[in-house]
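Before any comments, here is the structure.
We did not get these values from a lab; they are worked out from the coordinates using the rules stated. Treat the numbers as computed from the prediction; the structure is a model and nothing was measured. Note: ideal-geometry Cβ built from the backbone for every residue, glycine included; neighbour counts use all protein chains shown.
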Amino acid sequence: MKYTAVVLAGSRPGRDPFAEQFGTDLKALIPVGGEPMVRRPVQTLLAAEDVGDVIVLSQEPERIAEVFPADPRVSLRKSDATIAATMLALCLDKSTQWPLLVTTADHALLDVETVDEFCAYAEGDISIAVVERANLLKRFPDATRTWVKFRGGAYTGANLFALRNPKAAAAIELWRSVENERKKGWRVVSLLGPFVLIGTLLRFLTIDAALRHVGRKIGLSVTAVRLSNPVAGVDVDKASDHALAEAIIAGRA
């Protein structure tokens, strides 16, 4: 089974001061390790055994296309204004080839071993990649991430998702309700309902129990995949992330 990989390379509305620091108006084109950021995860996905075609979604696909070598497996499509709207349209498109492996343009440090590990352990209708806080901070003690705390550990997302079938649209509809507040861990947890919110705040729910609960709520099986490489929890979303990514690539971190 081959995944169709989806790389979200869109931009938020308005100016992007972070991108402007690097002389561009598109975050996906910020240079990381001497090349446009979006090219790095695409190259990784093309090298992964479990990936077939790669779709790159952007509001300006013609500009993003310029950074990729000619490869028949890579296609570019115009995205909607938000991630949720873009993914919902893809899920409802009858021509979509399932299953989907979704990541983001700012996952500049994604490597083949991480993709292989995630694909090997992904199960159910939806799988979400996470990195445990102790694992990440042991390697990068000064890293600043968004943490959601559960019984047994706190986790940050690793911008890697497996969607097995069109039923995933139900989860995307749920996500849409908190998309603008995705950096607020408590708000994301609240979408699971009061039981999970209270259970998380009081730390008597594990991440697996919380995801089972949300899965029952929307009629899907949702699982977490704990990635072993802490680098998978580092995306390039701000200046300090960019500095850390450059240091990791250069072997200084």
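In which sequence would Phe161, Phe68, Phe118 go, from the one with the fewest C-beta neighbours within 10 Å to the one with the most?
Fewest to most other Cβ atoms nearby, the residues stand as Phe68, Phe161, Phe118.
When shorter helices are ignored and each DSSP H run of at least 4 residues is given -39500 (n - 2.57), the per-residue value for the chain at 222 nm works out to -9500 deg cm²/dmol. Taking label positions 7 Å along the Cα-Cβ direction at both Asp208 and Glu49, the computed distance is 2.6 nm, reported to one decimal.
The phi-based Karplus calculation (6.51 cos²θ - 1.76 cosθ + 1.60; θ = phi - 60°) puts the 3J(HN,Hα) values of segment 89-95 at 4, 5, 5, 8, 6, 5, 8 Hz, whole numbers, x for Gly and Pro. Secondary structure note: in the chain, about 45% of the DSSP beta bridges are antiparallel. Counting every C-alpha pair in the chain, the share spaced more than 31 angstrom apart comes to 20%.
The dipole here belongs to the chain: it is taken about the Cα centre, uses +1 on the Cβ of Lys and Arg and -1 on the Cβ of Asp and Glu, and is about 1060 debye.
Note on segment 3-249: lysine pairs with Cα distance below 22 Å, sequence gap of 8 or more or different chains, count 15.
So how much slack lies between Arg176 and Ser95, counting 0.36 nm per residue of separation and subtracting their Cα-Cα distance, in nm?
So the extension gain works out to 26.9 nm.
In plain terms, the chain is cut at each of the GluC sites (Glu not before Pro) found in a DSSP loop with at most 12 other Cβ atoms within 10 Å, and the longest leftover piece is 124-253. Over segment 3-249, Cα pairs under 8 Å with separation of 6+ residues give a relative contact order of 22 percent. Here the residues Val74, Val102, Val67, ranked from fewest to most Cβ neighbours within 10 Å of their Cβ, fall in the order Val67, Val74, Val102. What aspartates and glutamates does Lys2 reach when the alpha-carbon gap must be under 13 Å and sequence neighbours fewer than 8 apart in one chain are set aside? Result set, ordered by chain and number: Glu49, Asp50, Asp53, Asp116.
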